[in-house]
């Protein structure tokens, strides 16, 4: 349509009209480019928001896991360990039966490996899209968090675990697994009270043998120290992850401010608003 009109203007040598046609064509091209750029930026903002929200979920999962495994679980395991070591060192039964002490020696060997949830971060790095996070400081802090996520204390399987399970009768261990321990589909573990399947005399015989094993008690002391360090690390990591969540919340607000004007009344409802509704 425009081309036909331009040709007609050339035939008639209507130079003013030709100039106007040229301006219209150029303006149309520029507007098309601008719309494309706007759409590209909107798509980038949308991807950034999606990544940040998913990363926030990953960090929330880490915090929950650190609290459940790094604090609550290790506190419970340490409690059994101190019960066993107090008997070995001082003969202090702490008001417990020999069966309860025997269970304590076994439960003190429990361990729970930990790994951060970093699927979103790995996806961003492999896709080369970390640059979608415009906050450079946040990018650096995320890199530090994920590149320093392995701690020996959080993933150690202690020698005590091998030693005490090699020394304790199998029928006792089988009973403890069946009646004094439970797990869930989400890798959660818990130790529970259970009735004694053996006499106090047999329980006392096994407990005395374990408590008299100097090498075993040395390994238990080391394991108790490791769990104390792990709890300190877990608290620090919880604080780090929460700081990152706060920074991500600020980054999401910034992304949404950039996105909303281009989306008009159909702008994305913030995640916090959704959660409150």
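Data overview
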read-out: Computed P(r) (all Cα pairs; the range 51-263; 5 Å bins; percent); value: 1, 6, 14, 15, 14, 11, 9, 7, 7, 6, 4, 3, 2, 1, 0, 0
read-out: Among 194-201, 62-69, the order from most to least packed when residues are scored by Cβ within 10 Å on average; value: 62-69, 194-201
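Bear in mind that the values in this text are calculations on the coordinates, not laboratory data. Note that the structure is predicted; figures quoted are calculated from it, not measured. Glycine also receives a Cβ, built like all others from the backbone with ideal geometry; neighbour counts cover every protein chain displayed.
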